[in-house]
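A short worksheet on the structure shown next.
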Amino acid sequence: MDWNFTRALVTGGAGFVGSHVCARLLSRGTQVVCVDNFATGVRENLWELLETPGFSLVEADVSASPAEPPGEFDLVLHLACPASPRDYLRLPFETLAVGAAGTAWALNVARRHDARFLLASTSEVYGDPERHPQREDYWGNVNPIGPRSVYDEAKRYAEAYTAAARREWGADTTIARIFNTYGPNMRAGDGRMIPAFVTQALRGEPLTVAGTGQQTRSICYVDDTVTGLLALAASGHPGPVNIGNPHELTVLEIAEEVLRLTGSQSEIEYIEAAEDDPRRRCPDIGLAKTELGWAPETAPAEGLRHTIKWFAETNQLLT
Ligand code: NAD
Ligand code: UDP
């Protein structure tokens, strides 16, 4: 995939997906300005990037109308947003704000520079879906007042703002609906299923499977997600486009695969199901295949092996 972006603004670049996006852009010769307030991101994710020529960090809250970083941009990638349920339940108002004011700020930067804009949206806009697999023309089934709504509705608002900017300003925007992504640079304690299972297995603790474990997720390795996001950014497609791996697994199967790959003797411990937890989630990626020529290439066992190795080798197990 080719692109000719010279300089990108990446909000949320200190986070899990954002740090990989920044690294990929830099590796392909695009300069990167990362704007992050470390609400859920960590400085460790930036150590290598800060040593890389062409990278700079602005520590700022994008919801608080910060001063625009100097210089020209031809690409704005808006990834800033707490993404783990544990994080957004802890930061409900910050999550709503970054979907609203943060998105407006990032879109206005893109507008002033005539830059391509990509919103990192989510499969959560489909809520607890009643259609399977989820295609982009499905409008979703979201509880607007449930605990997850601070995230789901913030992203739905962000999509609406992005669509309005395209209609009203003629802005060059796109929307990626990202499905569950995993890999190195996730925080051990972020509460998401894969960091939880991997660190529990490596420590010999029970794997905490929520509810019956029969709910499904379709897990995409971060390298594949980043390739999809940048293919969408480079494409000119208005979106929304699903970016995810259609390999659907139950949460219990994912826990068992982690046990198999780590060789851990840990037990499965069933814990209370989360409120409004989506029962099934699986992307239809037909649009990404035809419009972007993109499909994920990493099988869950391979991606999980890389992830387990990373967690075992970093000091994440101590945190
Ligand atoms: P993350 O929590 O690791 O990263 C989010 C980053 O945004 C963090 O570095 C955080 O500090 C920063 N941030 C949050 N609020 C901010 C603000 N107001 N100002 C500046 N920076 C702010 O999450 P992630 O998993 O890397 O997700 C990145 C993006 O992708 C999010 O927008 C998320 O909604 C979307 N997404 C991720 C997944 C996934 O499975 N990882 C799935 C769907 C969508
Ligand atoms: N989950 C689990 N144990 C955990 C963390 C999560 O069984 O320790 C479940 C969670 O209830 C959900 C699925 O795993 O059904 C995926 O959760 P995650 O937080 O990773 O992402 P979500 O898709 O819910 O945003």
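The values are calculated or read from the model by the stated rules, or taken from the named source; none is laboratory data. Since we're looking at a predicted model, the values are computed, not measured. Note: ideal-geometry Cβ built from the backbone for every residue, glycine included; neighbour counts use all protein chains shown.
If you take just the strands (runs of 3 or more DSSP E) that sit entirely in segment 208-319, which of them hold at least 1 residues that are crowded, with 21+ Cβ neighbours inside 10 Å and at pLDDT 95 or above?
So the answer is 216-218, 241-243.
Output the residues belonging to segment 61-83 that are in a loop (DSSP other than H, G, I, E, B), touching a residue at least 60 places away in the same chain (Cβ under 8 Å) and within 12 Å of ligand 1 (Cβ to nearest atom).
79, 80, 81, 82, 83
What do you reckon, is residue 138 closer than 19 Å to residue 180 by Cβ and either of a type in the set (Asp, Glu) or without any contact (Cβ under 8 Å) to a residue 40 or more places away in the chain (or both)?
Criteria met by residue 138.
Restricting segment 164-207 to residues that are part of a loop (DSSP other than H, G, I, E, B) and among the aliphatic types (A, V, I, L, M), which is nearest to ligand 1 (Cβ to nearest atom)?
186
Would you check which residues across segment 22-36 are in contact (Cβ under 8 Å) with a residue 40 or more places away in the chain and either aliphatic (A, V, I, L, M) or within 13 Å of ligand 1 (Cβ to nearest atom) (or both) and list them?
25, 33, 35, 36
Give the number of residues within segment 32-53 that are surrounded by 14 or more Cβ atoms within 10 Å (Cβ to Cβ) and farther than 25 Å from residue 182 by Cα.
0
So which of 97, 110, 101, 106 ends up being in a helix (DSSP H, G or I), surrounded by fewer than 18 Cβ atoms within 10 Å (Cβ to Cβ) and either within 16 Å of ligand 2 (Cβ to nearest atom) or of a type in the set (A, V, I, L, M) (or both)?
From the options 97, 110, 101, 106, the qualifying one is 101.
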